[in-house]
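The values are calculated or read from the model by the stated rules, or taken from the named source; none is laboratory data. Bear in mind the structure is a predicted one, so any value in this text is a computation, not a measurement. Here the Cβ positions follow ideal geometry from the backbone for every residue, glycine too, while neighbour counts run over all protein chains shown.
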Amino acid sequence: MDIVKNFANSKLLKRVFIALLGTVLLAISSKIKIPFYPVPMTMQTLVVLIIGIAFGWKLGLATITLYLFEGIIGLPVFSGTPEKGIGLIYFTGPTMGYLVGFLVTVFLSGFFNYENNLFINFIKLSFATSFIYVFGVLWLGGIIGWDKPIFQLGAQPFLLAELFKILIATFAITQIKKIRNFI
C-alpha cells in the first residue's frame, strides 16, 4: 500500500513541477515582446499552444490557471509587469481578455487529436488560438470603448506574427507530442 501511495505522490509532485515549469516558460515568453498599442505582441500564444499539445488539456489547464493565479497575486509574470503594475489591477486591464482566452486555447490544443495532416492540424491550432483574440477583442472593446477600431487595434496587428507562431507549432506537433510520454 505504501508503494502505491508513494507512486501517487511522486506522480502528483512530478505534475506540479511540470506545471510550475510551464508557468516559468510562459513568464519568460511574456517578456519576449514587440511593442504595439494597446497590447504588446509576445511569444506567449506559441507557448500556450505548446503547453496544450505537450501537457494535454488537464495539465495544460492547470498550468495556465496557475500562471494566471501567479499574476493575480502579484508575481511579475505577465507582459508589462512590473513596469505597468502588478496583480489584480494589471490583470483586469486591457490584456485580461487575451489572458482568459489562454484557458480556452490550452484546453482545445490539448484536447484535439492531431493527425499526420499539416493542413488539418493547422486549422485546429488556428481555431484554438482564435479564442485568445475573440476574448481579447471583446474585453478590449469594453475597456477602451466600442467607438474605437477594436479589431484593428487588438487583433489585426498580430495576425501575421500569429500565423507564423501557429505554423511553428503545426510543423513541430510530432516533436511536441513526445513530451507527453514523460508526463
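Side notes on the structure shown:
- Considering segment 89-181, the qualifying helices (runs of 4 or more DSSP H), each wholly inside and each with 1 or more residues that are among the hydrophobic types (A, V, I, L, M, F, W, C) and free of Cβ contacts under 8 Å to residues at least 12 places away in the same chain, run over 118-144, 159-177.
Table: residues versus (1) modelled with pLDDT of 95 or more; (2) among the hydrophobic types (A, V, I, L, M, F, W, C); (3) surrounded by fewer than 22 Cβ atoms within 10 Å (Cβ to Cβ); (4) within 19 Å of E162 (Cβ to Cβ).
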{"residue": "F7", "(1), (2), (3), (4)": "no, yes, yes, no"}
{"residue": "M41", "(1), (2), (3), (4)": "no, yes, yes, yes"}
{"residue": "V47", "(1), (2), (3), (4)": "yes, yes, no, yes"}
{"residue": "F55", "(1), (2), (3), (4)": "yes, yes, no, no"}
{"residue": "L61", "(1), (2), (3), (4)": "yes, yes, yes, no"}
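- Residue within segment 137-160 that is within 13 Å of the chain's Cα centre (by Cα) and either loosely packed, with under 14 Cβ neighbours inside 10 Å or more than 21 Å from K58 (Cβ to Cβ) (or both) present: no
- Some residue of segment 35-43 being assigned to a helix (DSSP H, G or I) and either touching a helix residue (DSSP H, G or I) at 6+ places or on another chain (Cβ under 7 Å) or farther than 24 Å from F111 by Cβ (or both): no
- Condition check for Y90: farther than 24 Å from A169 by Cβ, surrounded by fewer than 18 Cβ atoms within 10 Å (Cβ to Cβ), over 14 Å from the mean Cα position of the chain (by Cα) and at pLDDT below 95: no
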